[in-house]
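Asks: Quick one: the structure is below, and I'll ask about it shortly.
The values are calculated or read from the model by the stated rules, or taken from the named source; none is laboratory data. This is a predicted model, so every value here is computed, not measured. Heads up, the Cβs are rebuilt from the backbone with ideal geometry, glycines too, and the neighbour counts pull from every protein chain shown.
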Amino acid sequence: MAGFNQTELDNLERHELQLSILAVIIVLVMAGGVALLMYPLVFVHPDPGNKWTLRFAFIGFCILSLLFVAYLLDRQRTVRRLKQELVAELQRNLDLRHQANIDLLHTIPDLSHFQDRLSMEFRRAFTMQRALSVLVVKLKLPRSLAGTESEAAALGEAARVISRNLTPTDSMYLFCPGLFGIVMPDTDTADANRIAVQLEQTLRIAGDKNKFAFQTFIYNYPDQVKSAHEFEETVASLLPERQPSLEDVPTL
């Protein structure tokens, strides 16, 4: 999952502070210069007819200048407080989404459930002369993400994308972290390829945000495999030698 760039936010806050300080200095210099030019005319050599009017104008100008400086400082303080609240809310949303991803991964059935469902669907497809397809999605994550929250976020986002592309009759399984399987009853090779293309388009967007690549594999009965055992063998060939469990996925 895409997060926010703390460094960029800090740079923006520093830039805003620098601009506010510059604005305050400019206002103080200009107001101070005008006040110095006005002072002799108002207090040293005043016009008797407009003496109090000029003095009130001078005092009002000084007060307005100070109020404007106070406004600039208060604005900077308000912007900084709002930025901190925004960052805290963003972090809270990221934590909630990360925990939701972890919960989602733990609710997806595993390889043993896949084998049971595959056997049942294959018997049905064989008996009724229907098509049956299995779509496997294999994620490729950078080694630098291994064991981190970013890995869990990537897996969770991929699972969300896959689940949104399923039909009511399809079912998704998690063989091991990074390897998903989808059983698609009554789906021939052409339909399975169409679904895979749609899934790849949405996965590519999620992959760009969460730094993962992917591969898809389609196996169809009766075009490519002839038995449930062949289905299981093709899936087993994609499994790593050591199958990580969901316990390896970091939690909050």
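Asks: Please state which one of LEU139, LEU135 is out of contact with any Ser or Thr (no Cβ under 7 Å at 6 or more places or on another chain) and among the aliphatic types (A, V, I, L, M). If you could, list the steps in order and put the result at the bottom.
Replies: Values: LEU135 fails: out of contact with any Ser or Thr (no Cβ under 7 Å at 6 or more places or on another chain).
None of the other options fit; the residue is LEU139.
Asks: Sticking with this one: Of all the residues that make up the range 8-46, how many are in contact with a helix residue (DSSP H, G or I) (Cβ under 7 Å, 6 or more places away or on another chain) and assigned to a loop (DSSP other than H, G, I, E, B)?
Replies: 1
Asks: Can VAL161 be described as free of Cβ contacts under 8 Å to residues at least 40 places away in the same chain and either more than 17 Å from LEU118 (Cα to Cα) or not assigned by TED's automatic domain parsing to the domain that holds PHE122 (or both)? Steps first, answer last, please.
Replies: Working: free of Cβ contacts under 8 Å to residues at least 40 places away in the same chain: no; either more than 17 Å from LEU118 (Cα to Cα) or not assigned by TED's automatic domain parsing to the domain that holds PHE122 (or both): yes.
Answer is no for this residue.
Asks: Restricted to the range 103-138, and to residues that are aliphatic (A, V, I, L, M) and in a helix (DSSP H, G or I), which residue is farthest from SER227 (Cα to Cα)? Lay out the reasoning, then the answer.
Replies: Of the residues in the range 103-138, the ones aliphatic (A, V, I, L, M) are 104-105, 108, 111, 118, 120, 125, 128, 131-132, 134-137.
Checking which are in a helix (DSSP H, G or I) leaves us with 104-105, 111, 118, 120, 125, 128.
Details: LEU104: 31, LEU105: 29, LEU111: 18, LEU118: 10, MET120: 12, ALA125: 10, MET128: 14 Å.
By that ranking, first place goes to LEU104.
Asks: Continuing with the same structure: Kindly indicate which of VAL69, VAL44 is β-branched (Val, Ile, Thr) and either surrounded by 11 or more Cβ atoms within 10 Å (Cβ to Cβ) or touching a Cys at 6+ places or on another chain (Cβ under 9 Å) (or both). Quick ask: steps written out before the conclusion?
Replies: Numbers: VAL44 fails: either surrounded by 11 or more Cβ atoms within 10 Å (Cβ to Cβ) or touching a Cys at 6+ places or on another chain (Cβ under 9 Å) (or both).
Answer to the selection: VAL69.
Asks: Now a separate question. Checking the condition among the aromatic types (Phe, Trp, Tyr) and either touching a strand residue (DSSP E or B) at 6+ places or on another chain (Cβ under 6 Å) or at pLDDT 80 or above (or both), which residue from PHE43, PHE68 passes?
Replies: On the way: PHE43 fails: either touching a strand residue (DSSP E or B) at 6+ places or on another chain (Cβ under 6 Å) or at pLDDT 80 or above (or both).
The match here is PHE68.
Asks: Being without any contact (Cβ under 8 Å) to a residue 60 or more places away in the chain, closer than 16 Å to GLY207 by Cα and assigned by TED's automatic domain parsing to the domain that holds HIS229, is that true of even one residue in the range 124-144?
Replies: Yes, the range 124-144 has at least one match.
Asks: From SER133, SER171, which residue is hydroxyl-bearing (Ser, Thr, Tyr), surrounded by 15 or more Cβ atoms within 10 Å (Cβ to Cβ) and touching an Asp or Glu at 6+ places or on another chain (Cβ under 8 Å)?
Replies: Numbers: SER171 fails: touching an Asp or Glu at 6+ places or on another chain (Cβ under 8 Å).
Exactly one residue qualifies, and that residue is SER133.
Asks: Examine the range 194-214 for a residue that is at pLDDT 85 or above, of a type outside the set (D, E, K, R), closer than 28 Å to LEU96 by Cβ and touching a Gly at 6+ places or on another chain (Cβ under 7 Å), and state whether such a residue exists.
Replies: Yes, there is a match, as at least one residue in the range 194-214 is at pLDDT 85 or above, of a type outside the set (D, E, K, R), closer than 28 Å to LEU96 by Cβ and touching a Gly at 6+ places or on another chain (Cβ under 7 Å).
Asks: Consider only pairs whose beta carbons are under 8 Å apart and that are at least six residues apart or on different chains; among these, list those whose first residue lies in the range 65-93 and is touching a residue at least 24 places away in the same chain (Cβ under 8 Å) and whose second residue is exposed (fewer than 12 other Cβ atoms within 10 Å of the Cβ) and assigned to a helix (DSSP H, G or I).
Replies: Filtered contacts from the range 65-93: VAL87/GLN6.
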